[in-house]
1. Taking a temperature of 4 °C and a viscosity of 1.567 mPa s, what whole-number D in µm²/s does Stokes-Einstein yield for the chain with Rh from Kirkwood over alpha carbon pairs?
2. Per-residue HN-Hα couplings for segment 64-74, Karplus 6.51 cos²θ - 1.76 cosθ + 1.60 at θ = phi - 60°, whole Hz, x for Gly and Pro?
3. Could you work out how much longer the chain between Arg119 and Arg139 gets when fully extended? Use 0.36 nm per residue separation minus the Cα distance between them, nm to one decimal.
4. Using alpha-carbon positions, what is the distance between the centroids of segment 179-232 and segment 25-68, in Å?
5. Restricting to lysines 8 or more places apart or on different chains, can you count the pairs in the chain with Cα atoms under 16 Å from each other?
6. Could you state the principal axis extents of the C-alpha atoms in segment 97-202, from the largest down, to the nearest angstrom?
7. Sequence-distant or interchain residues sharing an amide H contact under 5 Å with Ser110, placed H: which?
8. Computed FRET efficiency, Cβ-Cβ of Glu153 and Val12, R0 25 Å: what is it to the nearest 0.05?
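All of the numbers you see were taken from the coordinates with simple rules; none came from a lab. Predicted model only: the values in this text are computed from it and were never measured. As a convention, Cβ positions derive from the backbone with ideal geometry for all residues, glycine included, and neighbour counts pool all protein chains shown.
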Amino acid sequence: MKILVMNPNSTVSMTDKIVESAQKVVSEGTTIVAATGQDAPASIQGHHDEAMSVPGLLARLKQAEADGLDGVVVACFDDPGIRACREVFSGPVLGICEAAVKGASMIATSFSVVTTLPRSVPVIEHLIHGYGLSHQCKRVRSAEIPVLALEEEGSGARDRVRDEILKAVREDQCEAIVLGCAGMADLTDWLTRETGVPVIDGVTVATKMIEGLVACGLKTSKVGGYATPIAA
């Protein structure tokens, strides 16, 4: 089985971190194929960045389809272009926000999300509402850090994420935390130890969900909404 793990932004160091997390959870015989966005923003921080990342994302998925890959993880918490991705690829495609919040709903009665900048909060709230989980999401919080601060030594970003999680547990009375950025993937184990609650990284959960769907022989339906795009 071959799973494409696609970082839609153009920061290779973030791709490396994401892929390392994905590789830790896959079964023997599953290969992770890494990809980084081309002609994309260095980070995705808002609707404009999201839109700018989609052409490169779709181009890479079309190549993955031609290469016969089995499934795709879109490793950005905004789940950019996810419905269009499902039109161009025949195997299962999953964004890390959908995977993380649905996973959280299975292990806790409530959760909060901790993301990077405040401008990401309404984007994530809209996604969670669309996934039908607003009733379980206590709050979407911002640690007030740029995405790329997570890549910088000495930025203090990881401590700010931890502190925001502790505030969420105390103030929101949530039972689990979802990390609202793929760049936080490597912090999961440390944050779980530091905060005492389940901390959920969408990269690993999405990767295992895709692996499971492929193992079950499931593909994306091409009847109706996710039908192959009509040629121009």
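1. On the way: Rh = 17.6 Å.
My calculation gives 74 µm²/s for D.
2. 4, 5, 5, 7, x, 5, 8, x, 9, 10, 9
3. Working: separation 20, 0.36 × 20 = 7.20 nm, distance 1.44 nm.
Fully extending the segment from Arg119 to Arg139 adds 5.8 nm.
4. Computed from Cα coordinates, the inter-centre distance equals 13 Å.
5. 11
6. Principal extents (Cα only, largest first): 37, 27, 23 Å.
7. Distant-sequence amide H within range of Ser110: Glu175, Ala176.
8. Values: r = 17 Å, r/R0 = 0.66.
Approximately 0.90, to the nearest 0.05.
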